Amino acid sequence: MNVVLFSGGTGTPKLLQGLVQLLKLEDITVVVNTAEDMWLPHGYFSPDIDSVLYTMAGLIDEKVWYGIKEDSFSTHNQLLSIGSDEFLNIGDRDRATHILRGKLLKDGNTLEEATELIASGYGVGINVLPMSNNRVETVIVTPDGELNLQEFLVLNKAMPEVKTVYYRNIERASACKAAVKAVKKADLIIIGPSNPVTSIGPIISLQNIKEVLKDRKEKIIAVSPLVGSSPVSGPADKFMKALNLPSTPEGVARYYKNIISRFIIHITDKPADIEKIGIKTYRTNIIMRSLEDKKKLADFIFSTGEKNA
């Protein structure tokens, strides 16, 4: 079975840990959000790609679901001590990944090629693809102006009111060819429990991905990132409300309604309102605390395909 997983940096990598217990590594392709990427003085920052790579390499810091576990921060601390305004707390080993990626890009490699080389270096056996080789940036519009996502989340601690969200350059960007090909041939396409607006939204807004997805609806299932009105990880609620959608599983389903046929919600949530909009809805535990939780959720996703047959 060929499976494609759409992923951000938190939520979905946990599900990925369950999927790899059930499938051959070569049968898994992860298409990753890159709309949070940016150049930093030392290299190229691609947080969601790195979270997926570190998860598969067994290096992810599972306390926060970004960066490398037990990393040191000597460079960051030294920079601060001599007057730097670096607001991202970047570990030394994590920084090495950024440095290499930046060099690869400056040497003429695409982001897809750079990702493949870095994945190989970390011994990652699945296919990890950036959503695009073109720059796309998630922009958070607040009453005081525009912020990129890291400025909003880290520098401003997700405190500002969110008026709206848009993806800069999305109309000129295209999904990388390998991602389109993987989506076309996939037996199952899973939209992981990442933030719908800032993590999944950029992927499904790419025009050539949109075109493929509209013909693959019966193969597409999404996992809710919300339990009730509470996000499993990250401030999904603020972004949903900014798009005039309720911060509930129903709101997430409405966001995805044109592309999914199936939706998985937590056992305590109610499916009736979601099923009214024509999406088959299934309930199970979606809170992934242990590897067994992750494996069970992955297995449940596959079982919905059998129920849907």
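Coordinate-derived values only; no laboratory data. All of these numbers come straight from a predicted model, not from anything done at the bench. All Cβ positions, glycine included, derive from the backbone under ideal geometry; neighbour counts span all protein chains shown.
The distance between label points at I287 and K157 comes to 2.5 nm (points 7 Å beyond Cα on the Cα→Cβ vector).
Extension gain, T268 to N169: 0.36 nm times the residue separation minus the Cα-Cα distance gives 31.7 nm. May I ask for the angle, rounded to the nearest 10°, between helix 92-106 and the longest principal axis of the chain, with both axes built from Cα atoms and the value confined to 0 to 90°? Result, in degrees: 90.
Using the Cβ-Cβ distance between L40 and K210 with R0 = 25 Å, the FRET efficiency computed as 1/(1 + (r/R0)^6) comes to roughly 0.25.
Fully extended, how many nm does the chain gain between I82 and S120 (0.36 nm per residue separation, minus their Cα-Cα distance)? Full-extension gain reported as 10.1 nm. The C-alpha atoms of the chain define a longest principal axis, and helix 111-121 lies at about 80 degrees to it. Note on the chain: dipole from Cβ charges, positive end direction compared against I267, Y66, Q21; the farthest Cα belongs to I267.
Using a Gaussian network model of the chain in which every pair of alpha carbons under 10 angstrom is joined by a spring, one finds that among L111, L79, L129 the greatest mean-square fluctuation is at L79. With a ≥ b ≥ c the root eigenvalues of the C-alpha gyration tensor of the stretch 1-160, is it rounded (a/c under 1.5), prolate (a/b larger than b/c) or oblate? The shape class here is prolate.
Need one number: the % of Cα-Cα pairs in the chain sitting beyond the 24 Å mark. Of all Cα-Cα pairs in the chain, 50 percent lie more than 24 Å apart.
Here each label is just a point 7 Å from Cα along the line to Cβ, and for A57 and F302 those points are 2.8 nm apart. The slack between F73 and S261, meaning 0.36 nm per residue of separation minus the straight C-alpha distance, is 63.2 nm. When only the Cβ of Lys, Arg, Asp and Glu is charged (+1, +1, -1, -1), the dipole of the stretch 136-206 relative to its Cα centre reaches about 460 debye. Among I267, I126, I220, the residue with the largest mean-square fluctuation in a Gaussian network model of the chain, with springs joining Cα atoms closer than 10 Å, is I267.
Compute the Cα gyration tensor for the stretch 36-115, then decide on rounded, prolate or oblate, letting a ≥ b ≥ c be the square roots of its eigenvalues: rounded whenever a/c is under 1.5, prolate when a/b is larger than b/c in the other cases, and oblate in all that remain. Because a/c hits 1.5 or more and a/b fails to exceed b/c, the stretch 36-115 counts as oblate. With the charge dipole of the chain set up from +1 on Lys and Arg Cβ and -1 on Asp and Glu Cβ about the Cα centre, the Cα lying farthest toward the positive end among the listed residues L149, I200, P41 is that of I200.
Taking Cα centre as origin and charging only the Cβ of basic (Lys, Arg, +1) and acidic (Asp, Glu, -1) residues, the dipole magnitude of the chain rounds to 1020 debye. Here the sum of -39500 (n - 2.57) over DSSP H runs of 4 or more residues, divided by the residues of the chain, equals -10000 deg cm²/dmol at 222 nm, to the nearest 500. Our coupling estimate for the stretch 294-304, obtained by passing each phi through the Karplus curve with A = 6.51, B = -1.76, C = 1.60 and θ = phi - 60°, is 5, 5, 5, 5, 4, 5, 5, 4, 5, 5, 5 Hz, Gly and Pro reported as x.
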